[in-house]
Every structure is written in C-alpha cells, then in structure tokens.
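S.K.: Have a look at this one before I ask anything.
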Amino acid sequence: YYPTPLAKEDFLRCLVKEIPPRLLYAKSSPAYPSVLGQTIRNSRWSSPDNVKPIYIVTPTNASHIQSAVVCGRRHGVRIRVRSGGHDYEGLSYRSLQPEEFAVVDLSKMRAVWVDGKARTAWVDSGAQLGELYYAIHKASTVLAFPAGVCPTIGVGGNFAGGGFGMLLRKYGIAAENVIDVKLVDANGTLHDKKSMGDDHFWAVRGGGGESFGIVVAWKVRLLPVPPTVTVFKIPKKASEGAVDIINRWQVVAPQLPDDLMIRVIAQGPTATFEAMYLGTCQTLTPMMGSKFPELGMNASHCNEMSWIQSIPFVHLGHRDNIEDDLLNRNNTFKPFAEYKSDYVYEPFPKRVWEQIFSTWLLKPGAGIMIFDPYGATISATPEWATPFPHRKGVLFNIQYVNYWFAPGAGAAPLSWSKEIYNYMEPYVSKNPRQAYANYRDIDLGRNEVVNDVSTFSSGLVWGQKYFKGNFQRLAITKGKVDPTDYFRNEQSIPPLIQKY
C-alpha cells in the first residue's frame, strides 16, 4: 500500500512527538544525502534510480526505535533497518520497487559493555565489528569473539545472518555465541530472550536481518584465545604450483586441528594462503610440515602477534595502528560491487582448479574468489541448532567478489560473475544449491507480495538456498511474531500461518 501524502505527514508528526527532530531526516533535509550515503558500501546503490527512504530515523535508544515502529504501523509506513551498510544488495536502505518506507539507521547506537570476569559482552547493533573487537581487547588480551573479518561491518547484520571469520573452525559462527538480545517486535514491544520465546530467539540468531523485529543489542559469550597467535600469508602463482597446492588444500584444510584456519584468496594467477593459528610459530611450523608440506611453509613466514593485531593484519596486511584500523568509521572504499556464494561438499577435480587459474581468473572483468574451509566446530554443530544450516560435510565455502570503480564499467565484471557461477554449478552443493544469507544475492529469487503479504512459495525459492530445511521453521516463526509482514524486504522471511 502507498501512504497518502497526508499519512506521510502524520507519520512525521507522530515521530516528532517521541523522537528529537535532530535525529530525523526527511528527503528535503540538507543532511539527508550524507546520512543516507554515509554507510552505503556498494556504490551501485547510491545512484538516483534507487528507491530511497522517505525518512531516515537515527535513534539513540530503544524507545526511539519503539516509537518509529508504532508510528509506522499507525500511519502505514514500513521500516527497513540498517546497522553497518554492508548489505550486499542494499535492501536495508533501498527498495527494488516503488514503495514508501523509512529507514531506522542504527549508526548512533554502538555502545559495547564488556564483562571480562563473566566473559560476556553486550553490544549495540549499530557498533562495527572493529569496535566490538577493540572493546574486548581493552578488557582482556586473552578473550575474543568469532565474527566477521572486515572491521567496518555492522554487528546487527553480521550476527543476524550468522557471522563468521578466522575463528569459525574453533568457535563456529557469531550467532551461535549469542546468549541474549534486546529486540523491538512488530508491535513496538521491547523483548529479551525470556519474553520472546524459544522460536523467536532461535530465528534472530542466523535467520537474516529485518524479518523478526529490530535487534537493538546482543549479549555474546566471549571465548579464550592465547596471548600469541601466528598469522601467515603465502602467495603462490600458478607457475609456482598453485593448482597442485590448492587441490591438496581442499582436502587438508577442513581436517586440520580447530586451532588452525587456512583460507585462500584467489586473484589473477595467484592463490594467497592466509592462515591464523591459535598458538606460536614454534608449534605451527612442524604441524604444517607434517599436515600440509605442499605449501612449503617455514618459520620465516610466521607473524606472531596478539589476536587483536591479527584483525587488521588479515584484513589490511599490517598491524601498526590497531586503534585507527579498528575504530575508523569513515570507510572511503566504496566500489561498485557484485557478490555470489557457494558451498562445496566434494573435492573439485584438479581440472576445475586448472580452469579457474588458467582461464577464469584471467578473463576480462575477472573478480576475486575467497575460499573458507569448514570442518571442526562450525561443521560439528547440528544443522537445526541455528537457522544457519551449512554444517556437516561442508569442505569450504566460496565467495565470488567483483569490484569496479566507474558507473559504466560493470558490464564485464557482471557477466564474469554470472558465467563463473554457471560454470561452477556441477561442482558445488545441489538441491538446493546453497548460499550464505549474509552474502545476499537477489539473483537467487525475490519475494512476491500478494494481498500485502510476501508469499511463502516465492520465499521458498531463495530461502532454501540460504536456510535449507530451516526455512519452514523460520517462516512459521515469522507467522507468529509478524503475521502481517510489517518488517519486510525483497528477501525477508515470509509469514507461514499455520491453520489448526
């Protein structure tokens, strides 16, 4: 439904009664473009042809969020929610079809409270991962949290869809280490784990952002890391045997001890083996010699550091100024980008690796491929334990990343992404071909809205790819907590109302 101009004014009048006007931005407001643009990470979604919100609300506490929901419900204005802006398809702040909606932008809510003794932390959804990691480090040098690699990602989106990084083999995903939340539901009521009930709490820990209410803050379990971790980055060109090494890696990496994670970044003719080991070089070197001699790793490759230093080191390649690297919110890297993902259960035949390095990565418009090994903890958790279902039997996941830097330069990169995705089909997961919810990909399908509610059948198409057999439970939960589908976007969980 489209609100009448009158309803829009009523919505604003309703907001202004409860929320300080300085926290509200209408399209006509001079600051609107910079507030909207501030955390758009993918420049494709900044162009004028994107459907933008009529208002942006930047709450500073939970009551502002409650008011926004109550006013939106009352006056027929839907709400989308943005925490860090890394949403690959931008659905947290743009619509694919003409629709009048407001955005609740959580960037002003980013407090982190760490309790080192209890080994827990409360973190606001608008905090970035770097801010969470830094606060943990300030409280303790031997505690950590297993979330994403990139420090500028918003906590809210990362945890909502799963969240994994270099600790995934040791401690699984971020969502399974969430022990409580504060959430505003579709009626504007504030809940915690106890008042929201088991299914609702299960759904927000990995079921994707937006669908089940607005998570204001997350309570997480902090996990032990040694004072010294060892990181290495070893690049191997195709001419140096990269194909043979990665062919071996796909079998070895998922079976390594859980203290060791070796991912691969493939770009052009080079595969870079990036590792983090929870221990010292002295222990890592002989282990690599016995378990993965093909890589030729030796002590000269070791970079010993604290866990907190490993965050910018893995992401940026240095560890000089942790504070700047982790707390910097002014991310100027805003390329035009396209992303896809896959899950792999059977080792690739060697000829597939040969094709990737001799042909695919050298084509015009070629992007980057990132391979994250699974096994150990992430694969040991039962599939139904969280909505994130990519568990037992997964060898590794693939992220296909493509950047370009001028508005008209997307043709070659976009066709490369599509073609390599088609080429990989025989070698990746099937029925459904799986994808990771946080690497949102609208090509997998989008919701159809009938009688103002997203249909279950249209959601099933993309939903099973992200959530496998958990999709139905998510939809039933959505039917209980938001039956009228107030919180929705083109890939939100549709409500499945059970008839008794």
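S.K.: Which of the residues spanning the stretch 14-65 are open to solvent by 20 Å² or more (accessible area, probe 1.4 Å), in a loop (DSSP other than H, G, I, E, B) and β-branched (Val, Ile, Thr)?
M.R.: The one that is open to solvent by 20 Å² or more (accessible area, probe 1.4 Å), in a loop (DSSP other than H, G, I, E, B) and β-branched (Val, Ile, Thr): 60.
S.K.: Can you tell me how many residues within the stretch 197-208 are touching an Asp or Glu at 6+ places or on another chain (Cβ under 9 Å), within 16 Å of residue 479 (Cα to Cα) and either touching a residue at least 24 places away in the same chain (Cβ under 8 Å) or part of a loop (DSSP other than H, G, I, E, B) (or both)?
M.R.: Initially, the stretch 197-208 is screened for residues touching an Asp or Glu at 6+ places or on another chain (Cβ under 9 Å), giving 200-201, 205-206.
Restricting the remaining residues to those that are within 16 Å of residue 479 (Cα to Cα) gives 200-201.
Narrowing further to those that are either touching a residue at least 24 places away in the same chain (Cβ under 8 Å) or part of a loop (DSSP other than H, G, I, E, B) (or both): 200.
Total meeting the criteria: 1.
Results for (1) surrounded by fewer than 18 Cβ atoms within 10 Å (Cβ to Cβ); (2) more than 25 Å from residue 140 (Cβ to Cβ); (3) in the same structural domain as residue 242 (by the TED database), shown as yes or no for each residue.
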{"residue": "278", "(1), (2), (3)": "no, no, yes"}
{"residue": "284", "(1), (2), (3)": "no, no, yes"}
{"residue": "320", "(1), (2), (3)": "yes, no, no"}
{"residue": "323", "(1), (2), (3)": "yes, no, no"}
{"residue": "342", "(1), (2), (3)": "no, yes, yes"}
{"residue": "360", "(1), (2), (3)": "no, yes, yes"}
{"residue": "367", "(1), (2), (3)": "no, yes, yes"}
{"residue": "375", "(1), (2), (3)": "no, yes, yes"}
{"residue": "386", "(1), (2), (3)": "no, yes, yes"}
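S.K.: Cβ-Cβ below 6 Å, separation at least six or inter-chain, first residue in the stretch 454-472 and more than 14 Å from residue 343 (Cβ to Cβ), second basic (Lys, Arg) and crowded, with 17+ Cβ neighbours inside 10 Å: which pairs?
M.R.: 454/488
S.K.: Something else now. Here is a check on your reading of the model: is residue 459 of a type outside the set (D, E, K, R), assigned by the TED database to the domain that holds residue 395, within 25 Å of residue 98 (Cα to Cα) and open to solvent by less than 40 Å² (accessible area, probe 1.4 Å)? Reasoning before the result, please.
M.R.: Details: of a type outside the set (D, E, K, R): yes; assigned by the TED database to the domain that holds residue 395: no; within 25 Å of residue 98 (Cα to Cα): yes; open to solvent by less than 40 Å² (accessible area, probe 1.4 Å): yes.
Taking the combined requirement at face value, the residue does not satisfy it.
S.K.: Quick one: what pairs do we get from the stretch 103-132, first residue free of Cβ contacts under 8 Å to residues at least 60 places away in the same chain and farther than 25 Å from residue 316 by Cβ, second open to solvent by 50 Å² or more (accessible area, probe 1.4 Å) and in a strand (DSSP E or B), C-beta under 7 Å, 6+ apart or different chains?
M.R.: 113/122
S.K.: Kindly check whether there is at least one residue in the stretch 174-189 that is closer than 28 Å to residue 398 by Cα and open to solvent by 20 Å² or more (accessible area, probe 1.4 Å).
M.R.: yes
S.K.: Another question, then. So for the stretch 292-311 (the condition being on the phi > 0 side of the Ramachandran plot and either charged (D, E, K, R) or not assigned by the TED database to the domain that holds residue 261 (or both)), does at least one residue qualify? Don't jump to the end; show me each part of the working.
M.R.: We begin by selecting, within the stretch 292-311, every residue on the phi > 0 side of the Ramachandran plot; these are 296.
Next, from what is left, pick out any that are either charged (D, E, K, R) or not assigned by the TED database to the domain that holds residue 261 (or both): none.
Within the stretch 292-311 (the criterion being on the phi > 0 side of the Ramachandran plot and either charged (D, E, K, R) or not assigned by the TED database to the domain that holds residue 261 (or both)), the answer is no, since none of the residues qualifies.
S.K.: Another question, then. Restricting to the stretch 88-141, name every residue that is open to solvent by 40 Å² or more (accessible area, probe 1.4 Å), of a type in the set (Asp, Glu) and at pLDDT 95 or above.
M.R.: The one that is open to solvent by 40 Å² or more (accessible area, probe 1.4 Å), of a type in the set (Asp, Glu) and at pLDDT 95 or above: 115.
S.K.: Something else now. When residues of the stretch 393-416 are filtered for being of a type in the set (Phe, Trp, Tyr) and either open to solvent by 40 Å² or more (accessible area, probe 1.4 Å) or at positive phi (or both), how many remain? Working first, answer last.
M.R.: Taking the stretch 393-416 and keeping what is of a type in the set (Phe, Trp, Tyr), we get 396, 400, 403-405, 416.
Restricting the remaining residues to those that are either open to solvent by 40 Å² or more (accessible area, probe 1.4 Å) or at positive phi (or both) gives 403, 405.
Of the residues in that region, 2 qualify.
S.K.: In the list 35, 16, 57, which residue meets the criterion of being without any contact (Cβ under 8 Å) to a residue 24 or more places away in the chain and within 30 Å of residue 112 (Cα to Cα)? Even if it seems obvious, please write down each step before you answer.
M.R.: Numbers: 35 fails: without any contact (Cβ under 8 Å) to a residue 24 or more places away in the chain; 57 fails: without any contact (Cβ under 8 Å) to a residue 24 or more places away in the chain.
One residue alone meets the criteria, 16.
S.K.: What about residue 74, is it outside the structural domain of residue 186 (by the TED database), among the charged types (D, E, K, R), in contact with a helix residue (DSSP H, G or I) (Cβ under 7 Å, 6 or more places away or on another chain) and open to solvent by 10 Å² or more (accessible area, probe 1.4 Å)? Can you show your working first?
M.R.: On the way: outside the structural domain of residue 186 (by the TED database): yes; among the charged types (D, E, K, R): yes; in contact with a helix residue (DSSP H, G or I) (Cβ under 7 Å, 6 or more places away or on another chain): yes; open to solvent by 10 Å² or more (accessible area, probe 1.4 Å): yes.
Spelling it out, residue 74 is indeed outside the structural domain of residue 186 (by the TED database), among the charged types (D, E, K, R), in contact with a helix residue (DSSP H, G or I) (Cβ under 7 Å, 6 or more places away or on another chain) and open to solvent by 10 Å² or more (accessible area, probe 1.4 Å).
The values are calculated or read from the model by the stated rules, or taken from the named source; none is laboratory data. No experiment lies behind these values; they were computed from the predicted model shown. Note: ideal-geometry Cβ built from the backbone for every residue, glycine included; neighbour counts use all protein chains shown. Ligands, DNA and RNA are stripped out before the accessible areas are found, and what is left, the full protein with its side chains, is counted by its heavy atoms. Shrake-Rupley method; radii C 1.70, N 1.55, O 1.52, S 1.80 Å.
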